[in-house]
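Single-structure report; data block below.
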Amino acid sequence: MIKITDAGLLAISKLRAHFLRTVLTMLLASVLFGALIAASLIMTGLFTGLQLFREDGLNGRYLVQVARVYGGEEAKDDILKDPNLVADAKYRHKQLVAEKTAEAKKLNIPYDSTDDRKPTKVGRNGYERMIRTDTTGIVQAILTEKFGGQSALDDNKLQEVAKKYGAKTILTEQRLGVAKNESLEVFKDGKEEFKDSSDQTQNRTDQVFDSYFTMTPSEIASPFMLPDQGGWRPNSGMLPIMLTQDKAERLMGMSPLPSNASADDKLARLKEVRHRAKDFSFQACYRNSASLEKIESILATQREMEVAKNDPKYKKPSLIYALPDPTRCENPTVQTDTRNKTEKKQTQDKEAFDKKFGKNTEMVSRFIKFKLVGILPGDSKNSSGNGQQARNISDLLQSVLKTNGFGQMIPEALYSQIQDKSAFAPILTYTPQYFMGPEDNKNRYIEFADSKSAQKFIDEQGCSIQPNGSCSPKDRPYAADFAFSNSSALDELRQLTQRWFSYAMIGVTLVAVGFMLIAIGRVISDGRRETAIFRAIGFTRADIGTIYVTYTILLTLGVMIFALAIGMLLAGIVDAAWAPSLTAQAQFGFGALDLTKKISLFEMNVGQISGILIICALAGIVSMAFPLMQGLRRNPINDLKRE
């Protein structure tokens, strides 16, 4: 039997004899397997880095928001068209007009019953219904009596259902805000813009605040809290608040970045915003309905006086109010008062009349101070899922990484530490409407251990909300969907990537086997004369097989070494070119507080790399087996005759 060393020498001589073919085969196979190794290194580094970032925020958690399904416009109409409620509304309105008429006559003040519009109307279909825009308060009172105290959802039942799907916990936020016809406004450039609601060209939207705040539990708020709560203290007289980055920038007077800003620029801006936020506080002007109504009355009087300034017959009002200092958030003050005793008494009687029938006549205007204690990822345009669409791959990546759905948070844990909360009570109110039946001000979030359980809950318990507000399928009890992050999508992306990597590995192996099969088969075919001579001088089939097996092993080892070198080189180039940018994307997208975390595109999964190399070796063996078996079966005498 031939010695291994002799077989090795003969195998090396064959490699040298077919040097060009050997190099070409090794190069093609090495590039293919090297690409797989590079992909493995890059994927392992990318997903390991993303997982590192996901550990701190909400992107590593599986939160599903659950809300009641109200049944669409039909359900609302059913309530507002309830004949018993409609009859009650008409009766109460008749009583209200009668009481106001009697009281006005008693006080000897004018009263026009048309000012109290009927709370009902007849629709196009002939049905009489209560109206949502009722200003008398009758509809609200009736619906409150019918549905008040009822929760939008049965929380006990929800907890039972969620437990069946392995839910970890249920978290609850409260939606709170200023009352209807009141305002909370941050002055633009430090000055208040007095606006007339009758002027449709003016928009009363505030540059910072949305329609409501959310009183948020620590489980959701804490990942985005600034160190030491941004310096906030319970006795500071300031309300702790967390805002999205774009709102914080506006408050700090920072110009927005251009739409094509790089990830590095965005990350640098995030760092700057967080640095400034540590010592940043601001104030907003709160005005109740009486204060706003008085300002609108002043603007109307000024407009009237401007129009009639050249009319000699025009008589100015005997009581004229002046607008407040636009920088101080104060109540309007009297500018001139030429009323006689009778007029003053009429004014007092009118105020007593309004107060008796529930109208607030006492003006309240004052600053409320806020302390920024956290920067929320995402931006206000995406707080409800709307925003600018992705323009490039960078934007698309950020949209996947970003945590969205935040408005303006008040951390519940910090708010509970404030002993005297009365200063903030006017802006943290909630008045249910009940137009769709029982309602409350809760946002409910179910947290699951994994995306599979969360998705199963959504698929089996959740429904899709239709344009008319109804639910499809109709028998589903909840409107449910993932909240805040793309955690489930990121998991699925990882699984999909690994699946396609497996497909790529199979494809590369088949192609490599093809190349090596041709190369080794050609070597064996070209060596038929040598094989016949070896057989003639006493070599056995096993000896011949040992030579070609050694040849294949040496060839395969060369492929494995070069593949590993090529893969590591490619991954190193990609890491140097893209890792810094991806790190910036991740730090900005996830809103990471720990900016020392990085993404590396060069990280070895030993098991996966070993698997690729083993497949490479198996490809060589498979490539050798068929042509070798054919060669060994040949008759050496016939091969010598043909040669």
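The values are calculated or read from the model by the stated rules, or taken from the named source; none is laboratory data. Note that this is a predicted model, so its numbers are computed, not measured. Quick reminder, even Gly has a Cβ in these numbers, built from the backbone with ideal geometry, and neighbours come from all protein chains shown. Calculation scope for accessible area: heavy atoms of the full protein, side chains included, ligands and nucleic acids excluded. Shrake-Rupley method; radii C 1.70, N 1.55, O 1.52, S 1.80 Å.
When residues of the range 77-110 are filtered for being in contact (Cβ under 8 Å) with a residue 60 or more places away in the chain and out of contact with any Gly (no Cβ under 8 Å at 6 or more places or on another chain), how many remain? Let's see the steps before the verdict.
Going through the range 77-110, the residues in contact (Cβ under 8 Å) with a residue 60 or more places away in the chain turn out to be 79-80, 85, 96, 99-100, 103-104, 107-109.
Then keep just the ones that are out of contact with any Gly (no Cβ under 8 Å at 6 or more places or on another chain); that gives 80, 85, 96, 99-100, 103-104, 107-109.
Qualifying residue count, the range 77-110: 10.
Looking at Gly437, Gly507, which one is closer than 30 Å to Ile553 by Cα, among the small types (Gly, Ala, Ser) and either open to solvent by less than 40 Å² (accessible area, probe 1.4 Å) or touching a helix residue (DSSP H, G or I) at 6+ places or on another chain (Cβ under 7 Å) (or both)?
Numbers: Gly437 fails: closer than 30 Å to Ile553 by Cα.
Every option except Gly507 fails the conditions.
Among the residues of the range 281-302, are any open to solvent by less than 80 Å² (accessible area, probe 1.4 Å), in a loop (DSSP other than H, G, I, E, B), among the hydrophobic types (A, V, I, L, M, F, W, C) and under 30 Å from Ile375 (Cβ atoms)?
no
For the structure I just gave you, tell me whether Gly469 is in a loop (DSSP other than H, G, I, E, B), at pLDDT below 80 and surrounded by fewer than 20 Cβ atoms within 10 Å (Cβ to Cβ). Give the steps one after another, and end with the answer.
Details: in a loop (DSSP other than H, G, I, E, B): yes; at pLDDT below 80: yes; surrounded by fewer than 20 Cβ atoms within 10 Å (Cβ to Cβ): yes.
For Gly469, the condition - in a loop (DSSP other than H, G, I, E, B), at pLDDT below 80 and surrounded by fewer than 20 Cβ atoms within 10 Å (Cβ to Cβ) - is met.
Test Asn331 against the criterion of being at pLDDT below 90, part of a loop (DSSP other than H, G, I, E, B) and at negative phi, and give yes or no. Steps first, answer last, please.
Values: at pLDDT below 90: no; part of a loop (DSSP other than H, G, I, E, B): yes; at negative phi: yes.
Against the criterion (at pLDDT below 90, part of a loop (DSSP other than H, G, I, E, B) and at negative phi), Asn331 does not qualify.
When you go through (1) open to solvent by 50 Å² or more (accessible area, probe 1.4 Å); (2) basic (Lys, Arg); (3) within 30 Å of Ala425 (Cβ to Cβ) one by one for Lys345, which number turns out not to apply?
Condition (3) is where Lys345 drops out.
Just for the range 129-142: of the residues that are within 17 Å of Gly437 (Cβ to Cβ) and out of contact with any strand residue (DSSP E or B) (no Cβ under 8 Å at 6 or more places or on another chain), which one is surrounded by the most Cβ atoms within 10 Å (Cβ to Cβ)?
Among them, the one singled out is Gln140.
Does the range 224-244 contain at least one residue that is surrounded by fewer than 18 Cβ atoms within 10 Å (Cβ to Cβ), under 24 Å from Gly374 (Cβ atoms), touching a Leu at 6+ places or on another chain (Cβ under 9 Å) and among the basic types (Lys, Arg)?
Checked the range 224-244: no residue is surrounded by fewer than 18 Cβ atoms within 10 Å (Cβ to Cβ), under 24 Å from Gly374 (Cβ atoms), touching a Leu at 6+ places or on another chain (Cβ under 9 Å) and among the basic types (Lys, Arg).
Are any residues in the range 245-265 open to solvent by 30 Å² or more (accessible area, probe 1.4 Å) and more than 16 Å from Val186 (Cβ to Cβ), and if so, which ones?
Matches in the range 245-265: Ser255, Pro256, Leu257, Pro258, Ser259, Asn260, Ser262, Asp264, Asp265.
Would you confirm, using the coordinates I've provided, whether Ile573 is outside any loop (DSSP other than H, G, I, E, B) and open to solvent by 70 Å² or more (accessible area, probe 1.4 Å)?
Numbers: outside any loop (DSSP other than H, G, I, E, B): yes; open to solvent by 70 Å² or more (accessible area, probe 1.4 Å): yes.
Judged against the criteria, Ile573 is a match.
Among the listed residues Lys146, Lys168, Lys118, which satisfies the condition of being open to solvent by 80 Å² or more (accessible area, probe 1.4 Å), touching a residue at least 60 places away in the same chain (Cβ under 8 Å) and not in a helix (DSSP H, G or I)?
Values: Lys146 fails: not in a helix (DSSP H, G or I); Lys118 fails: touching a residue at least 60 places away in the same chain (Cβ under 8 Å).
Unique residue meeting the criteria: Lys168.
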